[in-house]
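Values quoted throughout were computed directly from the atomic coordinates according to the rules given, and no laboratory measurement underlies them. The model shown is predicted, which means the values in this text are computed figures rather than measured ones. Heads up, the Cβs are rebuilt from the backbone with ideal geometry, glycines too, and the neighbour counts pull from every protein chain shown.
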Amino acid sequence: MAVDHTRAPILEALADYHRKGRLSFTPPGHKQARGADPAVRQVLGDAVFLGDLLASGGLDDRLTRGQVLERAERLMADAVHAEHTFFTTCGSSLSVKAAMLSVAGPHEKLLVGRDAHKSVVSGLIISGIEPVWVEPRWDARRHLAHPPSPEEYEAAFEAHPDARGALITSPTPYGGCADLRAVAEVCHRRSVPLIVDEAWGAHLPFHPDLPSWAMDAGADICVTSIHKMGSGLEQGSVFHVQGDLVPPQLLKNRADLLGTTSPSVLIFAGLDGWRRQMALRGREVMGGALGLAAEVRAAIEEIDGLHVNDRADFCGPGLADDFDPLPVVIDVSGLGITGFRAADWLREERHLDAHLTDHRRIGAQITHGDDQETTDELLAALKDLARAAPDLAPAPRVDVPSPSELRMDQAMLPRDAFFGPAEDVPVGEAAGRIAAEMVTPYPPGIPAVLPGERLTEPVLRYLRTGLAAGMHLPDPGDPELETVRVVAGDAGGAE
C-alpha cells in the first residue's frame, strides 16, 4: 500500500485540535497554558503548553477511532524499512527493557554484550533474566570498547545453547559499529531473535555513506532514540520489529508493562515530525551533516595536542566493523589534561557543552542541526583550550585497568544481588565482595560494576582515581564511593 510521507498525523491532529477550539475538562490541569504560572509561561512559552494534551480523549477521541498514533507509527515503519514501529515517550531506556522482556523471562538466558548501557542492566534487574556476557573488542592502547564480534556471539551460543536470544549495542556512543548482518545470521541459524540497542543510530537509515542500520541488517528488534541523533524531543524513542520470532503484539504488551498511561503528545509530535523530515529530505539533510563533520574533523586535527579518532583508529582486526563519523571523538591527552577537565573548561570558560567525556577524550557530536556558525564556535573554543592547557593543573592519573582486569565474575543474578540483603562497606574492604548496586561512569553510561559481580581491586582503583579526576558516578548509593553496597553475608575473599 502506498504511503504519503508528506502527512504527519500527530501534528495534523494537534493543529485540528486548536483550529476547532476544543475545550478540555480533562488533564492536564494547566488547561492549555491558562492555569500555568506566568513566570513559567515566560520561560517556556505558551507553545509548550498548547502542545500538551491527552493522547486519547484529546488528540484523538476516547476510543482512538482516528488512529492518529497508529497512522504515525505505520509511516515511521515504512520510512525505515521495518514491519512494525511503536512510539514511546519514556526514552530508549524503556524501549530496550520492553525488547528484553519480549525475548526472555525470569531465569532464562540472554546473550548481552558487556558494553551495554545501564538501561540494559536495569532490564536484567527488573526481569530476572540471566545474562550471558559477550566480551566487547577491547582496544587496550586507547582504553576503549567496541561491539563484540559475530565470532564471540557464536562461541557464546555454543556454550549456552539454551539462550533465548542476543542483544548488541551498535553504534556505541563513540561511533564504533558491529557487523549486524553477521550477528543476526548467528542468531537466526538457531531461530532466536537479535535485539539491537541502536539508541545512537536514528540517522543511519537516511544516507548510504552511513553504516548499515539494524532493520536492513536483519535484526528482529531495534531500539532507537530519536532525540539523540535526530530531531525528536528528549525521551522520544521508537522500537521497531520485523520477522516472526517476536510477535509485535507481544512486544507492545511488554512495553505496556513499563510505559506511562499519560504519554506526552509533545514528544509524539517530535517523533512524527522527524520521520516526515527524514522521509522527504533525509539524504540531503544527512549529507550536509556528513560534509560538515568531515570539515570539522580535518580542522580539529590541525590543532596541536588534539587528535580526532577516525576510521583508522576504530576499525580493523580486533576492533569495530564500521564507523559513524558524526560523534566526533577528540583525544585531548596530547594537551596533558583529561577529558573531564577539558569538558569542564569548555563549559565554564566558553559556555560550550561537550557530550561524551572520559579520562582522555571528549565528544563533540555533530548533527544535521549544526551549521558553519556552530562549528566555527566549536573550533575557536578548542583552539582556546589548546592555548590554555599548559596553565591548567596536570591531569590527575586515572588508573585504567587492562581489558582482562576490567572483567569481573558474575557470581549472582543481577536481580538477586540488587534486591537481596545488602550492606555498605568501606571501599577499601570491598574487593572480593559481591556488588549489590551499579556503578556507572556517565556519560556514556556503560556500567563498570554490575549487581552480582564480584568486585576486584583494579576496578575499584579505576573508579576511585576516576572520581578524583572528575568522573561522574550518578547511580551508587554513595556517589563519592567511600562506601560500596555489597551483598550481605558474603565475606568473599581479598583480591
Sort 96-103, 118-125 by packing, meaning the average of other beta carbons within 10 Å per residue, with the highest value first.
96-103, 118-125
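Would you kindly state how much longer the chain becomes between Ala380 and Arg7 on full extension, computed as 0.36 nm times their sequence separation minus their alpha carbon distance, in nm to one decimal?
Additional length available on full extension: 130.2 nm.
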Which FRET efficiency value, to the nearest 0.05, do you get for Glu373 and Gln42 by plugging their Cβ-Cβ distance into 1/(1 + (r/R0)^6) with R0 = 30 Å?
0.65
Report the extension gain between Glu429 and Ala388 in nm, rounded to one decimal, defined as 0.36 nm multiplied by the number of residues separating them, less their alpha carbon distance.
10.8 nm
Please tell me the relative contact order of the stretch 259-363 in percent, rounded to the nearest whole number, where contacts are Cα pairs under 8 Å and at least six residues apart.
19
What nm value, rounded to one decimal, do you get for the distance between Glu295 and Glu482 when each label is placed 7 Å out toward the C-beta?
5.1
Cα to Cα, under 17 Å, and not fewer than 8 places away if on the same chain: which aspartates and glutamates meet these conditions relative to Lys383?
Glu295, Glu301, Glu302, Asp304, Asp331, Asp344, Glu348, Glu349, Asp353, Glu373, Asp391
Approximate spin-label separation Gln249-Ala159, in nm, with each point projected 7 Å along Cα-to-Cβ
3.9
What is the distance in Å between the Cα centres of the stretch 76-90 and the stretch 370-389?
37
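If the chain between His472 and His81 were fully stretched, how many nm would it gain, using 0.36 nm times the residue separation less the Cα-Cα distance? List each step's numbers first, then the result.
Details: separation 391, 0.36 × 391 = 140.76 nm, distance 3.81 nm.
So the extension gain works out to 137.0 nm.
For a quick check of your reading of the filter: which trypsin sites (Lys or Arg not before Pro) in the stretch 1-62 sit in a DSSP loop and have no more than 10 other Cβ atoms within 10 Å?
Details: sites: Arg7, Arg19, Lys20, Arg22, Lys31, Arg34, Arg41, Arg62; in loops: Arg7, Lys20, Arg22, Lys31, Arg34, Arg62.
Filter output for the stretch 1-62: Lys20, Arg34, Arg62.
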With a Förster distance of 35 angstrom and the Cβ-Cβ distance between Leu280 and Arg311, calculated FRET efficiency to the nearest 0.05 equals 0.70
With runs of 4+ DSSP H residues as the only contributors, calculate the mean residue ellipticity of the chain at 222 nm using -39,500 (n - 2.57) per run, divided by the residue total and rounded to the nearest 500.
-11500 deg cm²/dmol
Contact order normalised by residue count of the stretch 334-395, Cα under 8 Å, 6+ apart, percent
43
Under 23 Å Cα-Cα from Lys31, which lysines qualify once same-chain neighbours fewer than 8 residues away are excluded?
Lys20
Given a cut-off of under 8 Å on Cα pairs at least six residues apart, what relative contact order in percent is computed for the chain?
14
Arrange Ile337, Ile221 by Cβ neighbour counts within 10 Å, fewest through most, would you?
Ile337, Ile221
Can you list the lysines whose alpha carbon is less than 30 Å from that of Lys118, not counting same-chain residues fewer than 8 positions off?
Lys97, Lys109, Lys228, Lys252
